[in-house]
Each structure stands twice: as C-alpha cells, then as structure tokens.
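The values are calculated or read from the model by the stated rules, or taken from the named source; none is laboratory data. Quick caveat, the model's predicted, so the values are computed rather than measured. Areas reflect the complete protein model, heavy atoms only, side chains present, ligands, DNA and RNA absent. Shrake-Rupley method; radii C 1.70, N 1.55, O 1.52, S 1.80 Å.
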Amino acid sequence: QVQLVESGGGLVQAGGSLRLSCAASGRTFSSYSMGWFRQAPGKEREFVAAISWSDGNTYYVASVKGRFTISRDNAKNTVYLQMNSLKPEDTAVYYCAGVRSTIVVVASGVADYWGQGTQVTVSS
C-alpha cells in the first residue's frame, strides 16, 4: 500500500511561483511513474505533468510546458512540481498520482494511488 500526501499549495499572484510536493509512503516508490493532475471548479480533471520511474523522462501538457517542472527524489520518496510564471487559469486543486507502470499510463490518468489534493489559487 502506498499513500500520497501533497503539500505546498496556496495563494499566489499571477507571475509568481509555487513548489508542490508529494510525499509517498512505502518502499517501492522508485518503481512508480508519477504524475500531477489538476481539477478546476466545474471542469474535468486534467493531466499536467508526469515523470517516468525508469529513466526520469518527463512529459507535460502544452499549457504548462516551459513554466512547470516535474522532478523526483527517490531517496526522499517525493515528487515535486515547480510552478513558475503562474497564471489565473492555473487555479485548481492539484493531485499527484502514482502507477507501477510507464509514463504513458500515468499520463492517461490511470493510477494505482492518488493523493488528497492541494489547492493552488492564482490571483490576477
């Protein structure tokens, strides 16, 4: 069993930065591809970024490419999402997810585990 706990959300002005963290319990974190998703009020959950368990490859949705960076520290069982140049349209609850499979699988929204989410609000 793996538990995922997100932190780092908050209120920030447009153009600002936040770093989200997702801490995972369990010994097999390094075997999981990890992803970040977000859901704004009244909208469907949206894929944001993913990182492979095997080679560290990353993948981003076009709207955040160049502004967001996903990374992981297997020694700390933690995955991060550095968010720069934030825009009001980035406002959402952000969730991390993990799957014991490839980056393609987690990017599709299929996950073995989900966190509880952390709120990110970007004011204009």
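Annotations
- Average accessible area per residue (Å²) across the chain - probe 1.4 Å, nucleic acids and ligands excluded: 50 Å²
- Region 14-65: relative contact order as a whole-number percent, Cα under 8 Å and 6+ apart: 25 percent
- Listed by chain and number, the aspartates and glutamates placed with their C-alpha closer than 17 angstrom to that of K43 are E89, D90; residues fewer than eight positions away on the same chain are left out.
- The apolar share of the surface of the chain, taken as the fraction of accessible area on carbon and sulfur atoms (1.4 Å probe, ligands and nucleic acids excluded), comes to 48 percent.
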